[in-house]
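Please read the structure below before turning to the comments.
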């Protein structure tokens with residue numbers, strides 16, 4: 001599938017909160033994630049205001065069609081690193097390279113911030129629906145065979 005016109009991928013700011021919340025709400029619905037009470041608007045505002053975090057928007061013509069979120073952290077293993085937490089392109093714009101453009105923007109941002117690596121978590125559902133391992137391998141990511149274990153904390157939000 002070919003692009004109708006090249007996307008404009010840019011770092012999002014506070015004024016983009018409604019578009020980001022809309023795209024990320026669609027992403028949560030698409031992937032079957034539970035929305036927090038009250039929706040995503042407050043979390044988007046907090047994410048954008050948190051040092052080390054960034055969101056990038058892809059726009060074609062006047063339509064916001066994709067988003068990627070990336071958060072930086074520091075560890076003994078990597079020093080500064082970043083994690084791509086969310087990647088979503090609206091279904092009618094998939095297969096046109098916008099996911100790649102968003103991931104490349106996030107990786108360039110991480111590199112400019114001094115990160116030594118960019119990590120991504122692939123859920124079993126994401127793998128089954130979208131072959132995310134294949135997508136990220138094509139974009140230069142390596143499957144190191146690690147597993148991410150989770151423990152939810154009561155009251156954390």
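For this structure, a couple of remarks:
- Scanning the range 43-68 for residues that are surrounded by 14 or more Cβ atoms within 10 Å (Cβ to Cβ) and either in contact with a helix residue (DSSP H, G or I) (Cβ under 7 Å, 6 or more places away or on another chain) or not in a strand (DSSP E or B) (or both) yields a total of 18.
- Test: residue in the range 89-97 that is touching a residue at least 24 places away in the same chain (Cβ under 8 Å), out of contact with any helix residue (DSSP H, G or I) (no Cβ under 9 Å at 6 or more places or on another chain) and part of a strand (DSSP E or B): no
- Residues in the range 21-42 that are in a helix (DSSP H, G or I) and in contact with a helix residue (DSSP H, G or I) (Cβ under 6 Å, 6 or more places away or on another chain): 21, 41.
- Each residue in the range 72-84 was checked for being in contact with a strand residue (DSSP E or B) (Cβ under 9 Å, 6 or more places away or on another chain) and either free of Cβ contacts under 8 Å to residues at least 24 places away in the same chain or in a helix (DSSP H, G or I) (or both), and 3 of them qualify.
- Residue in the range 75-85 that is modelled with pLDDT of 95 or more, farther than 18 Å from residue 121 by Cα, surrounded by 15 or more Cβ atoms within 10 Å (Cβ to Cβ) and under 16 Å from the mean Cα position of the chain (by Cα) present: no
- The sole residue among 115, 107 that is touching a strand residue (DSSP E or B) at 6+ places or on another chain (Cβ under 6 Å), surrounded by 19 or more Cβ atoms within 10 Å (Cβ to Cβ), modelled with pLDDT of 95 or more and part of a loop (DSSP other than H, G, I, E, B) is 115.
- Residues that are crowded, with 23+ Cβ neighbours inside 10 Å and either over 21 Å from residue 14 (Cα atoms) or at pLDDT below 95 (or both), drawn from the range 86-98: 98
Condition check ((1) touching a residue at least 24 places away in the same chain (Cβ under 8 Å); (2) crowded, with 18+ Cβ neighbours inside 10 Å) across all residues:
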site	(1), (2)
7	yes, yes
10	yes, no
17	yes, yes
20	yes, yes
25	no, no
28	no, no
34	no, no
38	no, no
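The values are calculated or read from the model by the stated rules, or taken from the named source; none is laboratory data. Remember, it's a predicted structure, so these values are computed and weren't measured experimentally. Every residue, glycine as well, gets a Cβ built from its backbone with ideal geometry; the counts of neighbours run over all protein chains shown.
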